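The values are calculated or read from the model by the stated rules, or taken from the named source; none is laboratory data. All values derive from a computational prediction rather than experimental measurement. Methodologically, a virtual Cβ is constructed for each residue, glycine included, from the backbone with ideal geometry; neighbour enumeration extends over all protein chains shown. Side chains are part of the model used for accessible areas, which takes the heavy atoms of the whole protein and leaves out ligands, DNA and RNA. Shrake-Rupley method; radii C 1.70, N 1.55, O 1.52, S 1.80 Å.
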Amino acid sequence: MTDRSPEQIELNLLHQLFAAATADASSAMCRWTSGLITLSLDEVRSVPLERVGSECACGDELLTMIVLTLDGDVGGTMILTFDEANGRELAAALLERPSGIPGTPWSELEKSALTETGNILGCAYLNALTRLIAAELIPSPPYFLQDYGASVLEQAVLQQAMECDQATICRTTFRREGRELNWNVLFVPTLGLRQKLTDALHSNV
């Protein structure tokens, strides 16, 4: 029997939490996309903030993000990321129109389709966290962000750097009609939320 570190035990517990949240999110996405998109959780792990970009293999490719923030001590940031091609395909599927041409400006309708997707996913995950810590988490309206390279994620988590040196990365597999899509969900809790999650998870062991 292999000994597990306290960190690994905590990550395993977090995996159980986010697996349940992902199942809720998958049901919501299936309804939102008329059965086109489903998702499942691959892994949950903790990564130093300075390595978030490299760990997510962003490189120098165009990255599209939908960001939701939680204000206050028990807060954090949740980010849905995907590449240009997959983002365009999702927007096209939701709007029932041909996919936009990569490299051209995103229309307001395309942005709206993706922000609503982020809102649906974010609410599913945050509802699971709310049930666990018995505290209400109210997210900001989701917003659309696009830029090049790993700097995008680093900028997105920069506000956490003063109080939290780790990002909890939930890696997911998104599928459209059985075909895998290159998306990720990144969750960066504040120290206050991390502590509440840890306390709640250990009390339920």
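Just to be sure, is residue 79 closer than 13 Å to residue 143 by Cα, surrounded by 18 or more Cβ atoms within 10 Å (Cβ to Cβ) and touching a Pro at 6+ places or on another chain (Cβ under 7 Å)?
In short, no.
Determine whether residue 99 is open to solvent by 20 Å² or more (accessible area, probe 1.4 Å), out of contact with any Ser or Thr (no Cβ under 9 Å at 6 or more places or on another chain), among the polar types (S, T, N, Q) and not in a helix (DSSP H, G or I).
Values: open to solvent by 20 Å² or more (accessible area, probe 1.4 Å): yes; out of contact with any Ser or Thr (no Cβ under 9 Å at 6 or more places or on another chain): yes; among the polar types (S, T, N, Q): yes; not in a helix (DSSP H, G or I): yes.
Yes; evaluated as a whole, the condition is true for this residue.
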Exercise for the section: Sort through 59, 35 and tell me the only one that's open to solvent by less than 60 Å² (accessible area, probe 1.4 Å) and either at pLDDT 80 or above or in contact with a helix residue (DSSP H, G or I) (Cβ under 6 Å, 6 or more places away or on another chain) (or both). Expected result: 35
Exercise for the section: Among the numbered conditions (1) under 17 Å from residue 29 (Cβ atoms); (2) loosely packed, with under 15 Cβ neighbours inside 10 Å, tell me where residue 138 comes up short. Expected result: (1)
Fill in the blank from the handout: Note on residue 11: of the conditions (1) aliphatic (A, V, I, L, M); (2) under 17 Å from residue 181 (Cβ atoms); (3) in contact with a Lys or Arg (Cβ under 8 Å, 6 or more places away or on another chain), unmet is (2)
Handout entry: Set 64, 69, 33, 130: member being among the β-branched types (Val, Ile, Thr) and closer than 15 Å to residue 182 by Cβ
Key = 64
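Does residue 55 meet the test of being in contact (Cβ under 8 Å) with a residue 24 or more places away in the chain, among the charged types (D, E, K, R) and closer than 30 Å to residue 195 by Cβ?
Taking the combined requirement at face value, the residue satisfies it.
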Completion exercise
Taking first residues from the stretch 110-132 that are open to solvent by 30 Å² or more (accessible area, probe 1.4 Å) and basic (Lys, Arg) and second residues anywhere that are outside any helix (DSSP H, G or I) and at pLDDT 90 or above, the pairs with Cβ under 6 Å that are 6 or more apart or on different chains are 111/144
